[in-house]
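Report on the structure given below.
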């Protein structure tokens, strides 16, 4: 049974959402969850759920919490018994195979990198977020915020990690890799994207060239690589657009009696739309490149998002994703040459 350490104090709705999500996960998947946080608070919340005592749940005490308002760098240094640090320590010590947190993203990334350590051959970890496409299968965008400034070599590493993640989690036999740029033509882009593209053409991945922002959602590529600054902007714009479309569509359908009838009749299609664009269905974004498994969730994650993040963490660990990333970075002569030349 895979064991996942859950930072039960990190999210906006902690610990209620975390505990509800953990209960749903252990009932749905073959997984054990260690709830990390203030023991008295967690046990009191667990007591509100009948039957929770009989589930594969454990509580591990951590006396401190890193809040969203805390400086990530300072909190990592000073709050040595924080729930996220203790959860990462459980992974490092082999008591858990992965960690899930909806806490302060900067603090989670810094803590995972420091406590769990980095995979050989990886310079920087990258956040890989799954976004919906019109073809149904999600696209992985990597990086979406872990690294504001990147080198071409780092983008090449992101491509290799995203390629493995796409194959393991989304079962794409030969993922199509694209670089996010301002045009499809090879001459378009800045020095970073041009240099990275030249490197990827000599690497053992299915590189399809540049893709534009609108192509993220067409399903043209299975993995889209970019620096964390651009990726985070693309992610936040996407979240805002989805929220706007849902609100505008709901308001429009309820505007008059005839439309309200149409709204009732189209409930099935509307709910399907909401589910396809709901971030909670994807759980969270893996921090690729760190040892063990680290899934970072949206701060406002609900129980469904936590449940699915635990599922993704299990699949990531059970699929030996890190081992494959290590092998492909270490054993591929073409990859080594391309990264060295970068």
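Of everything in the stretch 1-14 that's closer than 17 Å to residue 43 by Cα and in contact with a strand residue (DSSP E or B) (Cβ under 6 Å, 6 or more places away or on another chain), which residue is surrounded by the fewest Cβ atoms within 10 Å (Cβ to Cβ)?
First, the residues of the stretch 1-14 that are closer than 17 Å to residue 43 by Cα: 5-10, 13-14.
After this cut, where a residue has to be in contact with a strand residue (DSSP E or B) (Cβ under 6 Å, 6 or more places away or on another chain) as well, the list is 5-10.
Details: 5: 31, 6: 33, 7: 33, 8: 35, 9: 26, 10: 31.
The selected residue is 9.
One residue is enough: does the stretch 38-49 have a residue meeting the conditions outside any loop (DSSP other than H, G, I, E, B) and within 22 Å of the chain's Cα centre (by Cα)?
No: zero hits.
With in a loop (DSSP other than H, G, I, E, B), in contact with a helix residue (DSSP H, G or I) (Cβ under 7 Å, 6 or more places away or on another chain) and under 22 Å from residue 282 (Cβ atoms) as the only criterion, which of 144, 148 stands out? Break it down stepwise before answering.
Numbers: 148 fails: under 22 Å from residue 282 (Cβ atoms).
Result of the check over 144, 148: 144.
Just checking, does the stretch 113-131 include any residue being out of contact with any helix residue (DSSP H, G or I) (no Cβ under 8 Å at 6 or more places or on another chain), over 30 Å from residue 191 (Cβ atoms) and surrounded by fewer than 24 Cβ atoms within 10 Å (Cβ to Cβ)?
No - not one qualifying residue is present in the stretch 113-131.
What about residue 95, is it surrounded by fewer than 22 Cβ atoms within 10 Å (Cβ to Cβ), outside any helix (DSSP H, G or I) and in contact (Cβ under 8 Å) with a residue 60 or more places away in the chain?
Numbers: surrounded by fewer than 22 Cβ atoms within 10 Å (Cβ to Cβ): yes; outside any helix (DSSP H, G or I): yes; in contact (Cβ under 8 Å) with a residue 60 or more places away in the chain: yes.
For residue 95, the condition - surrounded by fewer than 22 Cβ atoms within 10 Å (Cβ to Cβ), outside any helix (DSSP H, G or I) and in contact (Cβ under 8 Å) with a residue 60 or more places away in the chain - is met.
In the stretch 50-78, what count of residues is obtained for those that are free of Cβ contacts under 8 Å to residues at least 40 places away in the same chain, touching a helix residue (DSSP H, G or I) at 6+ places or on another chain (Cβ under 8 Å) and either not assigned by TED's automatic domain parsing to the domain that holds residue 17 or not in a loop (DSSP other than H, G, I, E, B) (or both)?
Qualifying residue count for the region: 10.
For the structure I just gave you, tell me whether residue 87 is at pLDDT 95 or above and assigned by TED's automatic domain parsing to the domain that holds residue 303.
Working: at pLDDT 95 or above: yes; assigned by TED's automatic domain parsing to the domain that holds residue 303: yes.
Yes, satisfied.
Out of all the residues in the stretch 72-82, is one or more under 19 Å from residue 313 (Cα atoms) and modelled with pLDDT of 90 or more?
To start, the set of residues in the stretch 72-82 that are under 19 Å from residue 313 (Cα atoms) comprises none.
Looking for residues that are under 19 Å from residue 313 (Cα atoms) and modelled with pLDDT of 90 or more, one finds none in the stretch 72-82, hence no.
So residue 144 clears everything in (1) more than 18 Å from residue 215 (Cβ to Cβ); (2) modelled with pLDDT of 90 or more except one condition, right? Which one?
The single condition residue 144 does not satisfy is (1).
The values are calculated or read from the model by the stated rules, or taken from the named source; none is laboratory data. Remember, predicted model here, so these are calculated numbers, not experimental data. Ideal geometry is used to build each Cβ from the backbone, glycine not excepted, and the neighbour counts take in all protein chains shown.
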